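Here's the structure we're looking at; comments come further down.
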Amino acid sequence: MAEETKTVLPLAKGVVPTGKLHEMRKRALEDPEGFWSEIASELYWKKGWDKVVEGEPPYFKWFVGGKTNLAYNALDRHVKTWRKNKAAIIWEGEPGETRVLTYYQLWKEVNKFANVLRDLGVKKGDRVTIYMPMVPEAAIAMLATVRIGAIHSVVFSGFSAKGLAERINDAQAKVVITADGMYRRGKKLNLKEIVDKALQETPSVESVVVYNRLGLDINMEEGRDYWWNDLMEGAETYAEPEWVESEHPSFILYTSGTTGKPKGIIHDTAGYMVGVYATMKWVFDIKDEDIHWCTADVGWITGHSYVVYGPLLHGATTLMYEGAPDYPKPDRWWSIIEKYGVSIFCTAPTAIRMFMRYGEKWVERHDLSSLRILGSVGEPINPEAWWWYFKHIGKEKCPIVDTWWQTETGHIMISPAPGIELVPLKPGSATFPLPGVDADVVDDNGNPVPPNTRGYLVIKKPWPGMLHGVWGDPERYKRTYWSKFPGWYFTGDYAMKDEDGYFWILGRADDVIKVAGHRLGTMEIESAFVAHPAVAEAAVVGKPHPVKGESIVAFIVLKEGQQPSDELREELRKWIRETIGPVATPDEIHFVTKLPKTRSGKIMRRVLRAVISGKELGDLSTLEDEASVEEVKRAVAQLR
Ligand code: ATP
Ligand code: MG
């Protein structure tokens, strides 16, 4: 591991670690009943639970015997207090308009829409697919669905008709909620057309509710399609919440598809609620005065947990932005932080690398002094990107919470926790598991590996926000998560603990490259590339090699103003040899202008692997941009 990635950052000046975090971690594992009961008691329960956790792998139940409601806890609880008139959602549209919904206003909209859904025949346990742009109505639809005990399945609005149809069919949704269209980089995109196409193959759908975002002249099918506003006009203003059992599913969410066909992950109500509530406080240190902005789309787990449910469960203010990060100019995000005084900001490494590529000048135009905590989620953050984020966005005063978790885990699992106690940070490390998370790094036989040794990341005990199955596919659930290490949850990720016990996520276990007996994580090599001044982004994969087993192939995106050349290729090869070692020297380096990524912005190494070995590309429904694959194909063909 390169020296720089090991740097300890004694970030909080004058802060002396008290040991509180580790004390809490110890207590949570020794006494989960007591620990989680205290936290859960801060929320509202129609009926209290008898037992905190029960069951055996692969099925556990949390807060058994309890009854509650997620929307009630996110809204009604606050409407009864001074927070009634506090901003719940601050929204900015791509063209620049602002909307603010107070808790009272949001509560009213959710109640009305809950009645709309009931009037459409939606009952407890029915599935509702939400396919919407980032508008407050997306959150309203989610909250209304759980208010009546129905199950939402939010599908990211960038999916094609086919991707949408597959997800609707998998969930057997009764109702689809969508918009006429959405803005994307100043253009008006017709969403309803995509829905109409998808609906040709989705017999389960009885009705479609269309929110009028753009005023497009769209096709409305009599007896099936209804305008959001028309239905809301006639709706009753109060909807009694459905008091559901703790284990009642609140939503299904499909994974990003980085490693294969997406899985429909099922989350419960109570465990998810308590886990998100606790981690929102621990990781983001959420306070009443904060403006929390997590840039994730509601179509991903991060959008569910830390745009909608987490902030609202705390009565906090959450910001939603509708458009592209760099539209109309690369300083759009920084202007939003300045305009609203955002204090907690969370985004993905892919975005940080993009802004690094544009350069600091776009950041320097804005006053970002309101920020106090920065978050990173979705992929390992390369130390180079970490430092840039720390210096240029956080001005060396905001801790970066590098949050490791998954769609499956429901909430953050491994991360710094400034809401409990800030520990010294190490760029590229997610630090320690949060209280109640029994994570470890083990070898193929399940034995813990020594410090600084790679192994599989596993979770040995149940945690509140854990998944409760793969929708319609119990076999896949057992096979994927619970069979490699019987009794433990297998994350599919590769990790290591250092001599101080810090966790380092090293990438996907499937992405590991085996060169001449050495197992190399993709993260380390990619980070070494990104540390080169000419490189903006890198993806490395293994290619079958007759002697070495596998050889390393790298795909490189250069920074603005850099030109690909054979000299640069040679220089990069040398750079890797020197920073990591001869074993990591890439056999092939391809320059491209973009990498194949999921629609959630993660590098799809499986697609690169397939291209270089001439294999089937597999499920491409989550691929963001097909042109990226074409470019990779051309680059590979050209060099050979
Ligand atoms: P699929 O499961 O369909 O292949 P996916 O794993 O990308 O897709 P998500 O649930 O959105 O779907 O992503 C979870 C994964 O993202 C983790 O398993 C991990 O590989 C990666 N990840 C998330 N946060 C971090 C982080 N802070 N550091 C390193 N990796 C992270
Ligand atoms: Mg995954």
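Just so you know, all these numbers are worked out from the coordinates, no wet-lab data involved. The shown structure was predicted, so the numbers you read here are calculated from the model rather than taken from an experiment. Counting neighbours? That spans all protein chains shown, and the Cβs are built from the backbone with ideal geometry, glycine included.
Some notes on this structure:
- Listed by chain and number, the lysines whose alpha-carbon sits under 26 Å from that of Lys84, ignoring those within fewer than 8 places in the same chain, are Lys46, Lys47, Lys67, Lys108, Lys112, Lys281, Lys287, Lys339.
- Principal-axis tilt of helix 270-284 within the chain, Cα atoms, nearest 10 degrees: 60 degrees
- By the helix-only formula, in which each DSSP H run with n ≥ 4 contributes -39500 (n - 2.57) and the sum is divided by residues, the chain has a 222 nm mean residue ellipticity of -7500 deg cm²/dmol.
- For Thr522, Thr18, the sequence from fewest to most other C-beta atoms within 10 Å is Thr18, Thr522.
- For Ser160 and Glu23, the difference between the fully extended length at 0.36 nm per residue and the C-alpha to C-alpha distance is 44.5 nm.
- For Asp217, Asp331, order by how many other beta-carbon atoms lie within 10 Å, fewest first: Asp217, Asp331
- Ordering Ile552, Ile140 from the fewest to the most neighbouring beta carbons within 10 Å gives Ile552, Ile140.
- Segment Glu38..Trp82, full-extension length gain: 13.4 nm, with 0.36 nm per residue of separation and the alpha-carbon distance subtracted.
- Placing dummy labels 7 Å off each Cα toward the beta-carbon, the span from Asp230 to Lys47 is 4.1 nm.
- Altogether, the Stokes-Einstein calculation at 37 °C and 0.692 mPa s, with the Kirkwood radius of the range 104-247 over Cα pairs as Rh, returns a diffusion coefficient of 217 µm²/s.
- Distant-in-sequence amide H partners of Cys346 (H built 1.01 Å from N, under 5 Å): Trp293, Cys294, Thr295, Gly375
- Debye-formula intensities of the range 206-310, expressed as log10 I(q)/I(0) at q = 0.15, 0.19, 0.20, 0.23 Å⁻¹, are -1.01, -1.19, -1.19, -1.18 (one equal scatterer per alpha-carbon, no solvent).
- Spin-label model distance (nm) - Arg184 vs Ala534, 7 Å beyond Cα toward Cβ: 3.3 nm
- Summed side-chain charge close to Pro451 - residues other than Pro451 whose Cβ falls under 12 Å, Lys, Arg +1, Asp, Glu -1: -1
- Along the range 230-238 the Karplus relation, 6.51 cos²θ - 1.76 cosθ + 1.60 evaluated at θ = phi - 60°, assigns HN-Hα couplings of 4, 5, 5, 4, x, 7, 4, 8, 10 Hz to successive residues, with x for each Gly and Pro.
- Every Cα-Cα pair of the range 309-370 was included, and the share exceeding 12 Å stands at 71 percent.
- Taking Lys and Arg as +1 and Asp and Glu as -1, the other residues whose beta-carbon sits under 10 Å from that of Gly181 total +3.
- Rounded to the nearest 20, the Cβ-based charge dipole of the chain about its Cα centre (Lys and Arg +1, Asp and Glu -1) stands at 320 debye.
- Given their separation in residues at 0.36 nm each and the Cα-Cα distance between them, Asn445 and Glu626 gain 61.2 nm when the chain is fully extended.
- Global size of the chain: 23.8, 72 Å for Rg and Dmax (C-alpha atoms, Rg to one decimal, Dmax whole).
- A cysteine counts as unpartnered when no other cysteine's C-beta lies under 4.7 Å of its own; in the chain this applies to Cys398.
- For the pair Glu578 and Trp243, label points projected 7 Å from Cα toward Cβ lie 6.9 nm apart.
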